[in-house]
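Here is the structure we will look at.
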2 protein chains.
Amino acid sequence: MSALSFTLLAACPKSGARRGRIRTPHAVIETPVFMPVGTQATVKTLSPDELIAIGAHIILSNTYHLHLRPGEDIVQEAGGLHKFMNWPRAVLTDSGGFQVFSLSPLRKISEEGVEFRSHISGEKRFLSPEKSIQVQNALGADIIMAFDECSPYPADREYVRLSLERTARWAKRSQSAHRRPDEQALFGIIQGGMDLDLRKQAALQLADMDFPGYAIGGLSVGEPKPLMHEVLAATTQWMPQDRPRYLMGVGAPDDLFEGVMRGVDMFDCVLPTRIARNGTVFTSRGKLVVRNAAYARDYGPLDENCACYVCKNYSRAYIRHLIKADETFGIRLTSYHNVAFLVKLMEDIRMSIENGTFLVLRKAFYNAYGYNDDTTSYPV
Amino acid sequence: MSALSFTLLAACPKSGARRGRIRTPHAVIETPVFMPVGTQATVKTLSPDELIAIGAHIILSNTYHLHLRPGEDIVQEAGGLHKFMNWPRAVLTDSGGFQVFSLSPLRKISEEGVEFRSHISGEKRFLSPEKSIQVQNALGADIIMAFDECSPYPADREYVRLSLERTARWAKRSQSAHRRPDEQALFGIIQGGMDLDLRKQAALQLADMDFPGYAIGGLSVGEPKPLMHEVLAATTQWMPQDRPRYLMGVGAPDDLFEGVMRGVDMFDCVLPTRIARNGTVFTSRGKLVVRNAAYARDYGPLDENCACYVCKNYSRAYIRHLIKADETFGIRLTSYHNVAFLVKLMEDIRMSIENGTFLVLRKAFYNAYGYNDDTTSYPV
C-alpha cells in the first residue's frame, strides 16, 4: 500500500502546466497547490480553522526547527504532528537539510552527514539521512523529504557535482532508513545548482530510485529569475510525468505562474506570512504596503477583487491602525489575506488549466499586477 | 427614548449579588457581566468572531488611545467603532480620564480639564469633559463615561475631597455636552478614594444627576483587598438599585465574586489578555504558568474543567511550545482561554444567583482555586 497517489487530470496544450490530484492519508490535494508554511508547527499567527476556511489542504512544517524545539519525541508522544497542532489535513516536512545550511552558524559536512550548531542553544547537533528520516518518521507528516545538500549560489561546478553525488547517496540512504512508507510518502530532491547537465543527471538518478514524488531544490537562492526559469524548465523535462513535482521555497505570485507553466505541481513559501508582518499585502493590482500613511483614511478592503474573510470585513484604515499600534490582530489579518490570496490564485490557476485558459489568466494577472517583462520570459 | 434599559431579574438572598439584563442599541447583556478590554479597538490577539464564540456581548475600548491613534475622526468616518472593528455587539468607552492620569508623563489639571502629553508622540494635548464626550460621541459606543479624575492611593483626604467636587462638576458638564443620548448611555463615575463619607457624598451627588448607569472608579489602585471590599460595599449601598453598577478596571476571579456579592453588575479588566502574553492562564485549580518546563510533556488541556475551543483542541505541551518559540498563535490560545474562562465564570455566577446558590458556588470555586482567607473576608 502506498502512502500517496497522484492522478493527472488535465494539461495546458500551450505550456507545461498540469492539473492533478494527490491523495495522502490526511487529504485530497488538488494541484497545482500552494502550501502555507508552518515552520514551528504553526502557520504564523493563523489557526488551523482559519487555514481550513482559506482552503488550504496541505501545509509544510520544518524538521530542523521541530527537532530542536520541542523535539520530535514530544510531537510523537502527543500523537504526531497533526494531533499536536490540531491540523486534520495533510502535512509535508522538509528534511532539515536546507536549514542546517542556511541557519546554523557553523557546520561540518562529511559523507556521514552534517554537524551543526543549534541556532537556539548553540550546542552541537548532527543530522544525517538516517537521523532526518527518523525525526520525520516520528513527526508523522504525510509527505517527507530525503536529506540533501542545497548548493550555494554561485558555486563552483566541481563542488556542485560532488555535492550532487553525495545527495544521491543520501537519497538512497534516506529511502533505506524510511520505516513508515505505508503512511508517509518520501520524496527525492533534485539539486544541481544552475548547471543543466547536473540537473539532468540528478533527475535521472533519482527517477531510478522510484520515489513517489520529486522536489526541485536549490532554486530561488539568489540567481536572476530568467536563469531560475531556464533551470526549472530544463529540470522538469527530465522528471517522471506520473509523479508530483514540488518546487521548494518558491511562492511569489509570478513564481507560481512561471513554475506551473514549467510543469510544477507543488509550491511552498514563507513569503505571504513574512511580508504580512511588515504590513505588506498581495492584491490583484500588485503589492500594497497597508501600513503607509496613504491608507489611513482608506475605508475600502485590502483588495477589492478579493472575497476572503479579511476583505469582506475589514478596511485598510482599520488594518493600518492595528499595525501602527503594534496590535497582533493586524498581522493576523494581513497574514490571513496573503495566504488566502495565494490559495485562491492557485484555485484560479487550476480552473484555467481545466478550461484551457491558463496563459490567458497569466497574461491578465500580470497586466493587473504590474509585473514587468523580466517575469514573462517564457515563450508563449 | 433612552439608549439603555436595565431590568433586575433576581437577587441573592444572602448577599448583595444581583442578576439583571441591560439592553443597548447593539446588544442584550446579561449581568453580572465581564467585559473584555479592547484598548485600541481590538481585544488583544482575538478576532470579533472569537469573542462572539466565547460569549462576550460587550467589550470596552479606550477613548484616550483611540483619540491619539487613529483619531476619532477616522473611526467616525469608518462608520463608528462597531463598524471600524467589525464588532456587531455592544461597546463601552471610558472617558480617557484614567489614562490621562496613569499614562501621560506630564499633566496639568485645571477646572477646565487636563493638559497632558501623548505617550505616543510626546505632543501636548488637552482633555476636558466636553472634549471627552465629543470624542466618545464620535466613536459611537453604546455606553460612554463621564470625564473624571481618579484619585491616587494613598491620597490626602482634602485633595480627594476637592478632586471629588471637581469630578462632580465635570460629570454635570459631561452630561450637558452629550449630543447622542438616544444612542449612547452616559454613565457617571463615583470617586472618593478610600473615604466612606466621600464615597457616599459622590454616590448621592451623581444619583441626583440621574445617569442611566453608575461606575465605581478609583478602586484596585494599590489598596489592600479588604479595604477595597469595604469601600465597595459602602459605596454600592448608596447607589440607585435600578441602575447598572460598573466596577472599573477590576476582574481577577476573586474580584468578580467579591464585586458581585457587593452588588456590582459590570466589570472590565486587561488581566486575562495581559497574563496570557506571559504564558499564564486561569484554571479551575488556580493560575498556571504554562510556559514552565513542567508542562513540556503535559498533553492535557489548560483546564480539564473547561470546554472552550482551546481546551477542546490543544494541549499544554503544544501551547508551551508555541510560547517558548515566540509564536503568536500561542498567545492567541492563552488569551482566548483566559477571556473565555472569565466569561464562563460570569455565566456560572449568573446561573447561581438565579438558583440561589451564589455563595455555594463562591465557596466551591475558592476552594478549588486555592484562594486564601484574605479574599473571603465578606461575612457569609
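Here are a few things to note about the model shown:
- Folded to 0 to 90 degrees: helix A:328-355 orientation relative to chain A principal axis, Cα: 80 degrees
- The Cβ shell under 11 Å around A:CYS311 holds other residues with a net charge of +1, Lys and Arg each +1, Asp and Glu each -1.
- Region B:1-56: trypsin sites (Lys or Arg not before Pro) in DSSP loop, at most 14 other beta carbons within 10 Å: B:LYS14
- GluC sites (Glu not before Pro) restricted to DSSP loop in region A:12-119 with at most 10 other C-beta within 10 Å: A:GLU111
- Placing +1 on each Lys and Arg Cβ and -1 on each Asp and Glu Cβ, with no other charges, gives region A:251-380 a dipole about its Cα centre of roughly 520 debye.
- Local electrostatic count at A:GLN40 - Lys and Arg +1, Asp and Glu -1, tallied over other residues with Cβ under 10 Å: +1
- With Cα atoms defining each centre, region A:110-129 and region B:137-154 are spaced 58 Å apart in the structure.
- Local electrostatic count at A:ARG277 - Lys and Arg +1, Asp and Glu -1, tallied over other residues with Cβ under 11 Å: +4
- Angle between chain B longest axis and helix B:157-177 axis [Cα atoms, degrees, rounded to 10]: 80 degrees
- Debye-sum result for region A:15-83 in log10 I(q)/I(0), which assumes one identical scatterer on each alpha carbon, at q = 0.27 Å⁻¹: -1.25
- Remark: accessible area buried at the A-B interface is about 3200 Å², both chains counted, probe radius 1.4 Å.
- Tilt relative to chain A, helix A:196-208 - C-alpha long axis, 0 to 90 degrees, to 10: 70 degrees
- Expressed as a fraction of 2.2 N^0.38 Å, the C-alpha radius of gyration for chain B is 0.96.
- Rounded to the nearest 20 debye, the dipole size of chain B about its Cα centre is 640 debye, using +1 on the Cβ of Lys and Arg and -1 on the Cβ of Asp and Glu.
- For region B:118-216, the set of GluC sites (Glu not before Pro) satisfying both a DSSP loop assignment and a count of at most 10 other C-beta atoms within 10 Å is given as B:GLU123.
- Length gained when the stretch B:SER110-B:ALA294 is fully extended (0.36 nm per residue, less Cα-Cα span): 60.9 nm
- Dipole magnitude for region B:1-92: computed about the Cα centre from +1 point charges on Lys and Arg Cβ and -1 point charges on Asp and Glu Cβ, it is near 500 debye.
- Solvent-accessible ranking of A:HIS65, B:HIS57, largest area first, probe 1.4 Å: B:HIS57, A:HIS65
- Average beta-carbon neighbours from other chains, 10 Å sphere, peptide B:45-57: 2
- Surface exposure of chain B, expressed per residue as accessible area with a 1.4 Å probe, stands at 37 Å².
- Counting only cysteine Cβ atoms and a cutoff under 4.7 Å, the protein assembly as shown contains unmatched residues A:CYS12, A:CYS150, A:CYS269, A:CYS308, B:CYS12, B:CYS150, B:CYS269, B:CYS308.
- Region A:153-241 shape via C-alpha gyration tensor axes, a/c threshold 1.5: prolate
- Summarised in one figure, the compactness ratio Rg/Rh of region A:271-380, Cα atoms and Kirkwood Rh, is 1.02.
- q = 0.06, 0.11 Å⁻¹: log10 I(q)/I(0) that the Debye formula gives for the protein assembly as shown, counting C-alpha atoms only: -0.45, -1.11
- Long-range HN-HN contacts of B:LEU9 with modeled amide H, under 5 Å: B:ARG19, B:GLY20, B:ARG21
The values are calculated or read from the model by the stated rules, or taken from the named source; none is laboratory data. As the structure is a computational prediction, the values presented were derived from the model and not from experiment. Glycine gets a Cβ as well: all are built from the backbone with ideal geometry, and neighbour counts include every protein chain shown. Heads up: the accessible areas ignore ligands, DNA and RNA and are worked out on the full protein's heavy atoms, side chains in. Shrake-Rupley method; radii C 1.70, N 1.55, O 1.52, S 1.80 Å.
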